[in-house]
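Let me begin by presenting the structure, written as structure tokens, before commenting on it.
The values are calculated or read from the model by the stated rules, or taken from the named source; none is laboratory data. None of these values were measured; they are calculated from a predicted model. Ideal geometry is used to build each Cβ from the backbone, glycine not excepted, and the neighbour counts take in all protein chains shown.
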Amino acid sequence: MNKRAVLFLTIILLAVNHLQAGGISVDAGLTPPQDRFILRSQYRYMTMDNAMMRVNTQMTPLVLAYGLTPSFTLMARGVYVHQSFDNSPEINNGLNDPFLLSKFRLYRKNTADYVIGIASHIASNIPIGSKEVSMRAWDPELGLNVSFRPRFFAVDVSASYIFTDISEKLETRPGNIFNINTAVSTMIPLKSIPNAAFSPVAEITYSTQAASKATPSHSILFLSPGVSVIYSNLSLEALVQFPVQQTEQTSIMNRNSRLILGLKYMF
Amino acid sequence: MKTLRSIIIMAALLMMPAHIFAQSNAQEEQPQNNQQSQPDTLRYTVYGMDCPGCEGGLEKQVDKIPAVKSSKGNWVKQELQVIVKPDSSLRIRELKKRVKKANFTLDMNTTKEEDE
């Protein structure tokens with residue numbers, strides 16, 4: 001593979017790996033109860049294109065989180081990725097790098113009128129994913145999460161900073177990435193079905209990547225309406241992410257609208 | 001062929017949580033048939049629940065108290081209902097500790113108690 005092709009693949013994989021930020025009902029600053037498991041599965045469909053090509057990506061993240069203590073949560077994520085190209089018969093698929101995250105509660109206050117929670121997280125991928133869909137470089141991440149829940153409303157903010165390729169394994173080290181996701185939602189109890197709720201949500205996701213030797217700095221802003229239906233410990237989620245603003249450069253692929261369908265089960 | 005394989009793997013990953021949900025529901029239904037006596041029912045106000053899913057996290061912790069036969073959270077009413085085993089007494093300190101482990105807060109000023 002020539003140098004230009006390697007660089008191109010790196011840019012595609014980086015976009016896929018790190019723009020998983022946001023994406024419906026993130027509990028943000030609230031850590032789950034002790035001994036609580038949260039299992040999430042999603043289907044994500046996204047496309048990217050430029051003058052030369054169009055990349056179609058389907059992803060199925062599977063996430064398991066566990067409340068080790070009330071203030072400390074562990075999370076593991078595996079993602080199956082399938083990529084096809086409009087003008088090429090080539091198909092890339094396989095398991096992406098596993099991703100491990102630990103979240104620490106910094107502050108939580110429960111009152112009759114509202115809940116506030118602040119938590120930080122530290123995370124990293126383990127660069128052992130399939131060569132077809134993983135760059136196999138260490139990308140650790142630090143983050144801060146804040147939740148404000150005035151009764152039936154919710155505002156969740158999650159910010160993270162990703163140190164890309166810290167071991168400088170890649171030929172051209174990509175720029176570090178900053179993501180911030182804000183989700184505003186309301187929880188509407190369903191009177192006809194006890195223990196069930198309907199929750200419209202709007203998310204704003206901003207992601208920016210610093211310049212590297214290969215690419216200039218670039219950013220993207222998504223606006224995402226969505227909905228969740230929750231029944232007891234199970235919730236179904238759907239979200240569409242619309243890119244409302246993004247840096248346009250010939251060396252960077254444009255991201256198009258994305259679809260996220262998911263379910264979450266807690267036990 | 002590769003595409004077909006990918007679709008099958010994705011479908012399997014999506015179905016896994018639903019399968020686990022069905023299994024655990026079946027397990028939860030069995031013990032309810034063993035209720036025989038009329039135990040005490042206690043009600044408490046609990047702050048911090050903001051969705052239907054929170055109820056299960058609270059109940060999981062409270063049900064670990066040996067004196068508790070079963071519990072039921074209500075996120076809309078901010079209420080916890082606890083059924084105590086016959087000839088057992090519920091220590092408020094232990095209940096408070098369990099509610100805290102669920103990341104919620106027990107309101108000690110608004111507790112109501114009733115015998116059924």
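The figures follow:
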read-out	value
Qualifying residue in segment A:47-57 (condition: within 8 Å of chain B (Cβ to nearest Cβ) and modelled with pLDDT under 95)	no
Restricting segment A:94-117 to residues that are at the interface with chain B (Cβ under 9 Å from one of its Cβ atoms) and of a type in the set (Lys, Arg), the residue that is farthest from A:MET46 (Cα to Cα)	A:LYS109
Residues (in contact with a helix residue (DSSP H, G or I) (Cβ under 9 Å, 6 or more places away or on another chain) and either within 14 Å of chain B (Cβ to nearest Cβ) or of a type in the set (Val, Ile, Thr) (or both)) located in segment A:203-219	A:THR215
Residue that is farther than 26 Å from A:LEU142 by Cβ and touching a helix residue (DSSP H, G or I) at 6+ places or on another chain (Cβ under 9 Å), where the choices are A:PHE267, A:PHE198	A:PHE267
Residues of segment A:238-251 satisfying the condition of being among the aliphatic types (A, V, I, L, M), more than 14 Å from chain B (Cβ to nearest Cβ) and surrounded by fewer than 21 Cβ atoms within 10 Å (Cβ to Cβ)	A:VAL240, A:VAL244
Scan of segment A:150-198 for residues that are of a type in the set (S, T, N, Q) and either in contact (Cβ under 8 Å) with a residue 12 or more places away in the chain or touching a strand residue (DSSP E or B) at 6+ places or on another chain (Cβ under 6 Å) (or both), ordered by number	A:SER158, A:SER160, A:THR164, A:SER167, A:THR172, A:ASN176, A:ASN179, A:ASN181, A:THR182, A:SER185, A:THR186, A:ASN195
Answer residue from segment A:138-160, given it is more than 14 Å from A:VAL115 (Cβ to Cβ) and among the acidic types (Asp, Glu) and is nearest to the chain's Cα centre (by Cα) among those	A:GLU141
Filter result for A:THR182 (away from chain B (no Cβ under 14 Å), assigned to a loop (DSSP other than H, G, I, E, B) and under 18 Å from the mean Cα position of the chain (by Cα))	no
Extreme residue, farthest from A:LEU62 (Cα to Cα), among residues of segment A:77-93 that are within 10 Å of chain B (Cβ to nearest Cβ) and in contact (Cβ under 8 Å) with a residue 24 or more places away in the chain	A:SER84
The listed residue being facing chain A (nearest Cβ under 8 Å) and either at pLDDT 90 or above or closer than 30 Å to A:TYR114 by Cβ (or both), out of B:LYS85, B:LYS60, B:LYS77	B:LYS60
Count of residues meeting criterion [assigned to a strand (DSSP E or B), within 13 Å of chain B (Cβ to nearest Cβ) and within 30 Å of B:THR105 (Cα to Cα)] in segment A:59-76	9
Number of the condition not met by B:LYS96 [criteria: (1) within 13 Å of another protein chain (Cβ to nearest Cβ); (2) buried (at least 16 other Cβ atoms within 10 Å of the Cβ); (3) within 17 Å of B:ASN109 (Cα to Cα)]	(2)
Scope segment B:97-107; condition over 12 Å from the mean Cα position of the chain (by Cα), under 18 Å from A:VAL115 (Cα atoms) and not acidic (Asp, Glu); matching residues	B:LYS100, B:LYS101, B:ASN103, B:PHE104, B:THR105, B:LEU106
Single residue of segment A:243-262 satisfying the filter (of a type in the set (A, V, I, L, M, F, W, C) and more than 15 Å from the chain's Cα centre (by Cα)) that is modelled with the lowest pLDDT	A:ILE252
